[in-house]
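The values are calculated or read from the model by the stated rules, or taken from the named source; none is laboratory data. The shown structure was predicted, so the numbers you read here are calculated from the model rather than taken from an experiment. Because the Cβ atoms are built from the backbone with ideal geometry, glycine has one as well, and the counts that use them run over all protein chains shown. Surface areas here come from the heavy atoms of the whole protein model, side chains and all, with no ligands, DNA or RNA. Shrake-Rupley method; radii C 1.70, N 1.55, O 1.52, S 1.80 Å.
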Amino acid sequence: MTEACVATQGMTFEKATEIVNFVLNVGEHLQINGGEISRVEDTIQRICTAYGAVRTDVFSITSATFVTAIWEGGIVVTQSRRVGGVAKNTYRLEAINALSREICQTPIPIEEARKKLDVALKQGKGSKKRFLIGSLLATTSYAAFFGGDWKDVFVTFAVTFVIVACQLASDYLGGNRVLANILCCFFAGLFATLLGRWCGSSLTMVMSGCIMVLIPGISLTSAIENLILGDTLSGLMGTMEALLTAVALAGGFALSQMVLGGLAV
């Protein structure tokens, strides 16, 4: 008997539950790493079919995925998964896609598939140092692009450390991205205003450069992509989330200026 047959023969409720749990893991990480909703649903359906399901119903939106898979013999498994946030990583996305194609071509035992998924999730793991360097390059480049002088670039460079520290500390807020963005821009605005007043830089140029790394461009692009692909609900939810993020960024900066009064340069 081939390995594919071994993976799909003798289906039990426990094994079917493991398969559905696995495909939810695959769908969750596809979505977190930037996969479209249609891709998430299609991948889950194809993997369940490869493991012998006669019917698979999948409903996925930006914040949750629901799966009902049916096997011959009356085995029905329904599970749901809450999906939190998007951190686009094309390396992991490609690795997960490669794994799903491998499974669809030759269904491997679910234990082996789970181990390969763990390996795929380690692809493209970024370090804090790389994140900091990328942020510094982006913010200072934008500050110079918008017409800032060396003082503006210097202050932008310093403020970026505050922004990165706030972003790394946002994990302790329990996933509340709106509050995280408000606090990030609030502290960045405070530091930029005080440091700018000391060295005579333009607050407008500094914040124009700094805010570019916080604008939810990926989220908005993904939302528009979902709208184009026909996933209206997910597209609208993603658009509203991006707009709320933008409002939170503006609100945090405005709050810093209210606290400091007329110190803005």
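Taken over segment 233-248, residues that are over 20 Å from Ser38 (Cα atoms) and of a type outside the set (A, V, I, L, M, F, W, C) amount to 1.
Within segment 238-265, work out how many residues are open to solvent by less than 70 Å² (accessible area, probe 1.4 Å) and assigned to a helix (DSSP H, G or I). Looking only at that region, the number is 16. Whether any residue in segment 117-131 is part of a helix (DSSP H, G or I), more than 30 Å from Cys210 (Cβ to Cβ), in contact (Cβ under 8 Å) with a residue 40 or more places away in the chain and in contact with a Ser or Thr (Cβ under 8 Å, 6 or more places away or on another chain) is what I want to check. No; the residues of segment 117-131 include none that is part of a helix (DSSP H, G or I), more than 30 Å from Cys210 (Cβ to Cβ), in contact (Cβ under 8 Å) with a residue 40 or more places away in the chain and in contact with a Ser or Thr (Cβ under 8 Å, 6 or more places away or on another chain).
Scanning segment 138-182 for residues being open to solvent by 60 Å² or more (accessible area, probe 1.4 Å), in a helix (DSSP H, G or I) and under 22 Å from Lys128 (Cβ atoms) gives a total of 10.
Scanning segment 125-137 for residues that are open to solvent by 70 Å² or more (accessible area, probe 1.4 Å) and either touching a Gly at 6+ places or on another chain (Cβ under 8 Å) or over 16 Å from Ala165 (Cβ atoms) (or both) gives Lys125, Leu137. Exactly one residue out of Val213, Val247 is in contact with a helix residue (DSSP H, G or I) (Cβ under 7 Å, 6 or more places away or on another chain) and of a type in the set (Val, Ile, Thr), and it is Val213. When the strands (runs of 3 or more DSSP E) confined to segment 1-109 are screened for residues that are among the charged types (D, E, K, R) and without any contact (Cβ under 8 Å) to a residue 60 or more places away in the chain, those reaching at least 2 such residues are found at 55-60, 75-82. Considering (1) more than 25 Å from the chain's Cα centre (by Cα); (2) modelled with pLDDT of 90 or more, the lone condition that Phe22 does not fulfil carries the number (1).
Scanning segment 120-142 for residues that are among the hydrophobic types (A, V, I, L, M, F, W, C) and either touching a strand residue (DSSP E or B) at 6+ places or on another chain (Cβ under 8 Å) or under 18 Å from Gly27 (Cβ atoms) (or both) gives Ala120, Leu121.
Per-residue answers, yes or no, for (1) within 29 Å of Ser219 (Cβ to Cβ); (2) within 17 Å of the chain's Cα centre (by Cα); (3) charged (D, E, K, R):
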| position | (1), (2), (3) |
| --- | --- |
| Glu14 | no, no, yes |
| Asp42 | yes, no, yes |
| Gln45 | yes, no, no |
| Gly73 | no, no, no |
| Leu93 | yes, yes, no |
| Lys115 | no, no, yes |
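Pro216 meets all of the listed conditions (1) without any contact (Cβ under 8 Å) to a residue 40 or more places away in the chain; (2) more than 20 Å from Ala188 (Cβ to Cβ); (3) buried (at least 20 other Cβ atoms within 10 Å of the Cβ) but one, namely (2).
Given the options Val77, Val67, name the one that is open to solvent by less than 30 Å² (accessible area, probe 1.4 Å) and more than 22 Å from Gly235 (Cα to Cα).
Exactly one residue qualifies, and that residue is Val77.
Here is a check on your reading of the model: is Gly84 out of contact with any strand residue (DSSP E or B) (no Cβ under 8 Å at 6 or more places or on another chain), at positive phi and not aromatic (Phe, Trp, Tyr)? The answer is no for Gly84. Exactly one residue out of Ile44, Ile61, Ile37, Ile32 is farther than 27 Å from Thr245 by Cα and either at pLDDT 90 or above or surrounded by 18 or more Cβ atoms within 10 Å (Cβ to Cβ) (or both): that is Ile44.
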